[in-house]
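J.: Handing you this structure, nothing more for now.
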Amino acid sequence: MLNYLGITSSTIDCIAETNKLKQGLYTPGSHIPVVNEEEFLNKMPEYALLLSWNYLDFFLKNSDYIRKGGRFIVPIPVPRIVP
């Protein structure tokens, strides 16, 4: 989706990932750095693009980002901003 839409590191600062094997890497094509959750929370962007939309309910219940006032842009199946 990122490559199709032309989204790069000039649009998105980073991608948060809990999998340690992916942290420190970059997304293919768009070259967005993959960081751990702590680094992401230190940046604390007002909005975050939630690509794993099928886990939205989990993130809304368990995310420190949401508890600190962050909002998700959820592109699929219907584009919306939550909460």
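J.: How many of the residues in the range 39-63 are under 13 Å from the mean Cα position of the chain (by Cα) and among the charged types (D, E, K, R)?
T.: Residues in the range 39-63 being under 13 Å from the mean Cα position of the chain (by Cα) and among the charged types (D, E, K, R): 3 in total.
J.: Right, something else. On the basis of being under 18 Å from F59 (Cβ atoms), free of Cβ contacts under 8 Å to residues at least 60 places away in the same chain and in a loop (DSSP other than H, G, I, E, B), does P45 make the cut?
T.: It is true that P45 is under 18 Å from F59 (Cβ atoms), free of Cβ contacts under 8 Å to residues at least 60 places away in the same chain and in a loop (DSSP other than H, G, I, E, B).
J.: Within the range 3-60, can you find the residues that are within 17 Å of P79 (Cα to Cα) and of a type in the set (A, V, I, L, M)?
T.: Result: L5, I7, A48, L49, L50, L51, L56, L60.
J.: Taking the range 1-33, which residues are within 18 Å of F59 (Cα to Cα) and either in contact with an Asp or Glu (Cβ under 6 Å, 6 or more places away or on another chain) or in a loop (DSSP other than H, G, I, E, B) (or both)?
T.: Initial filter on the range 1-33 (within 18 Å of F59 (Cα to Cα)): 14-19.
Within the range 1-33, C14, A16, E17, T18, N19 meet the criteria.
J.: Is there a residue being surrounded by 11 or more Cβ atoms within 10 Å (Cβ to Cβ), among the hydrophobic types (A, V, I, L, M, F, W, C), touching a Pro at 6+ places or on another chain (Cβ under 9 Å) and at pLDDT 95 or above anywhere in the range 59-69?
T.: no
The values are calculated or read from the model by the stated rules, or taken from the named source; none is laboratory data. What you see is a predicted model; the values in this text were computed from it and never measured. So basically every Cβ, Gly included, is an ideal-geometry build from the backbone, and we count neighbours across all protein chains shown.
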